[in-house]
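Asks: Take a look at this one; I'll ask things after.
The values are calculated or read from the model by the stated rules, or taken from the named source; none is laboratory data. No experiment lies behind these values; they were computed from the predicted model shown. We place every Cβ from the backbone using ideal geometry, glycine too, and count neighbours over all the protein chains shown.
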């Protein structure tokens, strides 16, 4: 039997009305009194509010709250937390959760703002253009979920970050629809626009609404300040002027002509040595241990293959083997005051039975800091498949470790190098948020001003245009055309850098030039077969071109090289499983990114085709909340399938999930 925690002391007589606030700084009120409860009690309430049926299995909630603890400790922690909540409910007179031996669910007796927001069906209000009700919700619930709360528990903080983003996306989408419709009174529009600009100071819809609201009450000076603030924010954050629509609004509202403000022109590249000298130098040193002949042969063969693999990267330079041998034989002394390389890969080992266990460590030479270490086992028998896979992993790990080390704050940050700016742009590219994409573009442009010859920067610029085209839902072909031109500029600067070919393939894929796209990807993979991110993109291109089997093979190789991958690896793998009608496998592949709003469409279609109606409806609801204007017919313009049946199959799955 279900039992409300706290019901053990008697009935409901004398209970006070309770209200729980989860949006903004969390707080619990019983009547006019604030009741202090544990932070994780807020997490429980938020988790249950967002769960299907507002309930969750105890073991799942336990793992979310204490993912890093062992099962016994996590069970004990959950029992203690529930016991503490029980005592608080008895003493303070409220009912928040109901438990039984297996489930925990949210009680109906406490009013919760997050539940009110979810039950209001914001996406439905937007579609039905019920602006008064929508504006009330936006003004009332304009703060982040569990604002300012962190637990230090990685799985829980990751969950909270994802849910905050979902709520933020939902709020922003509804706010933009309301503001662009011009349906709210000026004071309400101004309040919502101000909050939108606080959430994203480069969102031009906010500034357009501010200008209109100020002008409606006759405050032209404030409207002019709003436009100036918009222009300054865009130039500072993104290096771009306002969009033509914003300029047109300013001209109409302010009653005067405004010349579009051009982005700052690129400064000419100064004469002298290229900034490519800022790229780190890496030495692969010989083993420090004497081995039997067979083991020495295995060790040197591995190090030689690592050298060849790293040489394919253009982000850094490999010291010639002869120089590495000479320096590796020298004693450590005063010569270390002027490091002859930036990073060194050292090797030492031991023989255990019929295998050589080789310890590798990557060290930053100037500081002697070990930034990466790994032990690998090389069998005595010449197993080339094992050798190749080990080599590929070490090359990938080493390249990633060097990039992370280079992103550490420099000793003199006043004059950042072109390479450091390139890495900073790459960091922004980890996100598909439009603001971060434009920030990446600005940083890459700044990098080209220091070194116009660095091909990887142009490849990064190309990626920002391709991803913006995707994020904005295929608005116009110009973004892809610009991405193609920038990728060509990267290839022109360095034909042997795989990244330019990769970006050319990526842009051509979404222009539906499948054969040209695959040719670019094949060239890129030939140049750098151990780049896991490249293989993930190649897998996507293969599948869209009609070869899902080859796509699954490529994404499998990418995951072996990068076992803790970015989100889009899972997205690519899940989409290919969907394409071949392995819907349960698609759901499993997408499970690590199930909280990401961008995957909700594919999850909804997969769940519907797998027969999981409840999950399909849940993901479809997430799609409507995050993308209120989404229509399945839009996929004909976005998804670059060569075979139209693949696109129709996806659309049919989305419609089966209840999406329009």
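Asks: Among the residues of the stretch 85-96, are any surrounded by 15 or more Cβ atoms within 10 Å (Cβ to Cβ), within 25 Å of residue 167 (Cα to Cα) and not assigned by TED's automatic domain parsing to the domain that holds residue 158?
Replies: Checking the stretch 85-96: at least one residue is surrounded by 15 or more Cβ atoms within 10 Å (Cβ to Cβ), within 25 Å of residue 167 (Cα to Cα) and not assigned by TED's automatic domain parsing to the domain that holds residue 158.
Asks: While we're on this one: Restricting to the stretch 621-645, what's the tally of residues that are in contact with a helix residue (DSSP H, G or I) (Cβ under 6 Å, 6 or more places away or on another chain) and more than 27 Å from residue 541 (Cβ to Cβ)?
Replies: Counting residues in the stretch 621-645 that are in contact with a helix residue (DSSP H, G or I) (Cβ under 6 Å, 6 or more places away or on another chain) and more than 27 Å from residue 541 (Cβ to Cβ) gives 4.
Asks: Let me ask something else. Considering only residues that are assigned to a helix (DSSP H, G or I) and in contact with a strand residue (DSSP E or B) (Cβ under 7 Å, 6 or more places away or on another chain), look in the stretch 17-46 and name the one that is nearest to residue 66 (Cα to Cα).
Replies: In this case the residue turns out to be 44.
Asks: Working carefully through the options 655, 648, 618, find the one that is surrounded by fewer than 19 Cβ atoms within 10 Å (Cβ to Cβ), in contact with a helix residue (DSSP H, G or I) (Cβ under 8 Å, 6 or more places away or on another chain) and either in a loop (DSSP other than H, G, I, E, B) or outside the structural domain of residue 477 (by TED's automatic domain parsing) (or both).
Replies: It is 655.
Asks: For the stretch 433-449, state whether one or more residues are buried (at least 23 other Cβ atoms within 10 Å of the Cβ) and within 26 Å of residue 526 (Cβ to Cβ).
Replies: Yes, the stretch 433-449 contains at least one residue that is buried (at least 23 other Cβ atoms within 10 Å of the Cβ) and within 26 Å of residue 526 (Cβ to Cβ).
Asks: Follow-up question, since we're still on this one. Go through the stretch 426-448 residue by residue and tally those that are within 20 Å of residue 597 (Cβ to Cβ), free of Cβ contacts under 8 Å to residues at least 24 places away in the same chain and assigned to a helix (DSSP H, G or I).
Replies: Within the stretch 426-448, residues that are within 20 Å of residue 597 (Cβ to Cβ), free of Cβ contacts under 8 Å to residues at least 24 places away in the same chain and assigned to a helix (DSSP H, G or I) number 2.
Asks: Taking residue 79, is it surrounded by fewer than 14 Cβ atoms within 10 Å (Cβ to Cβ) and within 20 Å of residue 196 (Cα to Cα)?
Replies: No, not satisfied.
Asks: Out of all the residues in the stretch 47-55, is one or more in a strand (DSSP E or B) and in contact (Cβ under 8 Å) with a residue 24 or more places away in the chain?
Replies: Yes, the stretch 47-55 contains a residue that is in a strand (DSSP E or B) and in contact (Cβ under 8 Å) with a residue 24 or more places away in the chain.
Asks: While we're looking at this one, here's another question. So how many residues does the stretch 470-494 have that are in contact (Cβ under 8 Å) with a residue 24 or more places away in the chain and under 18 Å from residue 239 (Cα atoms)?
Replies: Counting residues in the stretch 470-494 that are in contact (Cβ under 8 Å) with a residue 24 or more places away in the chain and under 18 Å from residue 239 (Cα atoms) gives 2.
Asks: Next up: Regarding residue 165, is this residue assigned by TED's automatic domain parsing to the domain that holds residue 148, closer than 30 Å to residue 600 by Cβ, touching a residue at least 12 places away in the same chain (Cβ under 8 Å) and outside any helix (DSSP H, G or I)?
Replies: Answer is no for this residue.
Asks: Here is a follow-up. Within the stretch 205-225, is even one residue within 26 Å of the chain's Cα centre (by Cα) and either in the same structural domain as residue 133 (by TED's automatic domain parsing) or crowded, with 16+ Cβ neighbours inside 10 Å (or both)?
Replies: Taking every residue of the stretch 205-225 in turn, at least one turns out to be within 26 Å of the chain's Cα centre (by Cα) and either in the same structural domain as residue 133 (by TED's automatic domain parsing) or crowded, with 16+ Cβ neighbours inside 10 Å (or both).
Asks: Give 518, 542, 486 a once-over and let me know the one that is more than 19 Å from the chain's Cα centre (by Cα), under 27 Å from residue 600 (Cβ atoms) and surrounded by 20 or more Cβ atoms within 10 Å (Cβ to Cβ).
Replies: 542
Asks: Starting from residues that are surrounded by fewer than 21 Cβ atoms within 10 Å (Cβ to Cβ) and touching a residue at least 40 places away in the same chain (Cβ under 8 Å), keep the ones in the stretch 62-72 and report whichever is farthest from residue 22 (Cα to Cα).
Replies: 68
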